[in-house]
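The values are calculated or read from the model by the stated rules, or taken from the named source; none is laboratory data. Quick caveat: nothing in here was measured; it's all calculated off a predicted structure. Every residue, glycine as well, gets a Cβ built from its backbone with ideal geometry; the counts of neighbours run over all protein chains shown.
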Amino acid sequence: MLRLIIMRHAKAVAEGDGPDKERALTERGLKAAFAAGQKLAKNQLIPGQILCSPATRTRQTLAQVMAGMGTTPPVILRESLYAFGDGSPYLEAIAKEGREIATLMIIGHNPSVHSLALRLSGHGSDPQALSEMRGKYPTAAMAVLAFDLPDWSMIGVGGGRLESFLTPKGGE
């Protein structure tokens, strides 16, 4: 079984003076990302590899998540994950980079992460978690999906089962 953790970066400073790609996390965002890492560790959801957008806010989220987990899995920064669309570049990155990793994490941007999680969540998902995820994908939120497949290149629309939707304000 394969498990995918789809995370939206934590709360970043508002758009303004500098380039969007260089926006940093707020103090609240740093704390939320660290707490997200702790939730992953507590729920034994430690990824074997992490794919991450190269934007400052996603890299800072990544650093705080790893600090919260207390471990540093291999990381691949992919320029294609600095995307704001239907999640297709994310799906391509997963299929290409997942290889033999059982638990894979991706850290990126909305609306891509939200779209990807919705596209992959199929039947048999937790109805309450699915309803919550459909409504909103807040900063530092994580969708945990399971796939009864042998290889990441085989995942597709509706093929996953949403196991949980973890938010900074939500439970475990």
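Descriptive notes on the structure:
- When residues of the stretch 98-113 are limited to those that are touching a helix residue (DSSP H, G or I) at 6+ places or on another chain (Cβ under 8 Å) and outside any strand (DSSP E or B), the one modelled with the lowest pLDDT: Arg99
- Residues of the stretch 61-72 satisfying the condition of being touching a strand residue (DSSP E or B) at 6+ places or on another chain (Cβ under 8 Å) and surrounded by fewer than 16 Cβ atoms within 10 Å (Cβ to Cβ): none
- Whichever residue in the stretch 1-33 is of a type in the set (Gly, Ala, Ser) and within 17 Å of Thr58 (Cβ to Cβ) and, among such residues, is surrounded by the fewest Cβ atoms within 10 Å (Cβ to Cβ): Ala14
- Matching entry among Ala67, Ala95, Ala117 (being outside any loop (DSSP other than H, G, I, E, B) and touching a Ser or Thr at 6+ places or on another chain (Cβ under 7 Å)): Ala95
- Boolean, Gln128 is surrounded by 19 or more Cβ atoms within 10 Å (Cβ to Cβ) and either more than 26 Å from Leu30 (Cα to Cα) or not aromatic (Phe, Trp, Tyr) (or both): no
- Close Cβ contacts (under 9 Å, 6 or more residues apart or on different chains) running from residues in the stretch 19-43 that are under 18 Å from Thr103 (Cβ atoms) to residues that are of a type in the set (D, E, K, R) comprise Lys39/Glu172; Lys42/Glu172; Asn43/Glu172.
- For the stretch 41-60, residues that are farther than 30 Å from Pro19 by Cβ and either of a type in the set (Lys, Arg) or crowded, with 24+ Cβ neighbours inside 10 Å (or both) total 1.
- Of all the numbered requirements in (1) over 16 Å from Val144 (Cα atoms); (2) in contact with a strand residue (DSSP E or B) (Cβ under 8 Å, 6 or more places away or on another chain); (3) assigned to a helix (DSSP H, G or I), Ala36 misses one, and that requirement is (1).
- Just so you know, in the stretch 79-92 the residues that are in a loop (DSSP other than H, G, I, E, B) and either within 14 Å of the chain's Cα centre (by Cα) or among the hydrophobic types (A, V, I, L, M, F, W, C) (or both) include one that is nearest to Lys21 (Cα to Cα), and it is Tyr82.
- Entry remark, the stretch 132-154: residues being part of a loop (DSSP other than H, G, I, E, B) and surrounded by fewer than 19 Cβ atoms within 10 Å (Cβ to Cβ) number 6 in total.
- Search result, residues across the stretch 116-164 that are in contact (Cβ under 8 Å) with a residue 24 or more places away in the chain and basic (Lys, Arg): Arg119, Arg161
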